[in-house]
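One structure is given here, and the rest of the page talks about it.
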Amino acid sequence: AIILTSRMKQEPWKTAAEGEVLKDIGNMLLTLTMVWAYFSLSQFLIMWSANIPEEVKYYQNRFNIPALNVVGGILIAFQWLLPFLALLAPRTKKMPALLQKVAILILIMRFVDMFWTVVPFFMTPGKGIDTTTVLLNIGVMVVLGLAWMYQFREALKHSSPLPTHDIRLEEALS
């Protein structure tokens with residue numbers, strides 16, 4: 001969604017991805033946002049209601065550290081609530097720049113969600129979270145993400161972004 005919306009002013013995207021395509025991308029992002037919320041809440045309810053010590057510890061590690069409670073609140077607000085409300089509005093799905101901002105927010109918050117899921121397992125008991133480890137993890141994610149985006153952009157330059165021999169493409173463009 002991020003790459004498509006960034007190329008909406010260039011051909012062949014300009015003629016191929018108008019109106020309904022943007023709406024479809026917005027609806028896909030809305031669906032994925034709702035699925036993430038559903039899976040997260042379901043996982044929480046199943047683990048908590050089972051009350052198995054090995055599983056409940058997963059959430060206890062997060063609830064006992066105030067910084068991770070803040071991160072959890074940020075996840076609820078910015079990975080679910082804000083994108084959900086923004087993607088419910090038809091205006092967001094008609095404007096590529098707005099849709100791109102929502103997609104970027106979802107991507108960034110996905111990295112925060114991975115951080116919230118993984119970091120408590122690497123904490124030192126009694127010391128909390130090691131700042132050096134956190135910064136190193138963030139740095140690695142940023143470097144790998146930038147390398148992937150660069151490679152994807154280069155691959156996109158040397159190949160057709162639209163299917164070249166699809167007989168339905170002519171019909172869809174007209």
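Quick check on PRO161: is it modelled with pLDDT under 80 and within 30 Å of LEU22 (Cα to Cα)? So PRO161 fits the description; yes.
Just for segment 63-89: of the residues that are free of Cβ contacts under 8 Å to residues at least 60 places away in the same chain and more than 16 Å from MET109 (Cβ to Cβ), which one is nearest to the chain's Cα centre (by Cα)? So the residue we want is LEU88. Evaluation of ILE52 against the conditions (1) of a type in the set (A, V, I, L, M, F, W, C); (2) free of Cβ contacts under 8 Å to residues at least 24 places away in the same chain; (3) open to solvent by less than 60 Å² (accessible area, probe 1.4 Å); (4) within 25 Å of PHE121 (Cβ to Cβ) shows that the sole unmet condition is (3). Identify the residue in segment 68-101 that is exposed (fewer than 12 other Cβ atoms within 10 Å of the Cβ) and within 20 Å of PHE121 (Cα to Cα) and, among all such residues, is modelled with the highest pLDDT. So the residue we want is GLY73.
Scanning segment 33-49 for residues that are touching a residue at least 12 places away in the same chain (Cβ under 8 Å) and aliphatic (A, V, I, L, M) gives MET34, ALA37, MET47. Of all residues in segment 116-132, those that are small (Gly, Ala, Ser) and at pLDDT 75 or above total 0. Under 9 Å between Cβ atoms, which residue pairs at least 6 apart in sequence (or on different chains) link something in segment 134-148 that is open to solvent by 70 Å² or more (accessible area, probe 1.4 Å) with a partner that is in a helix (DSSP H, G or I)? Here the result reads ILE138/PHE111; ILE138/PHE115; VAL142/PHE111, each pair linking segment 134-148 to a residue that is in a helix (DSSP H, G or I).
The values are calculated or read from the model by the stated rules, or taken from the named source; none is laboratory data. None of these values were measured; they are calculated from a predicted model. Note that each Cβ is placed from the backbone with ideal geometry, even for glycine, and that neighbours are counted across all protein chains shown. We work out accessible area using only protein heavy atoms, side chains counted, and drop any ligands, DNA or RNA first. Shrake-Rupley method; radii C 1.70, N 1.55, O 1.52, S 1.80 Å.
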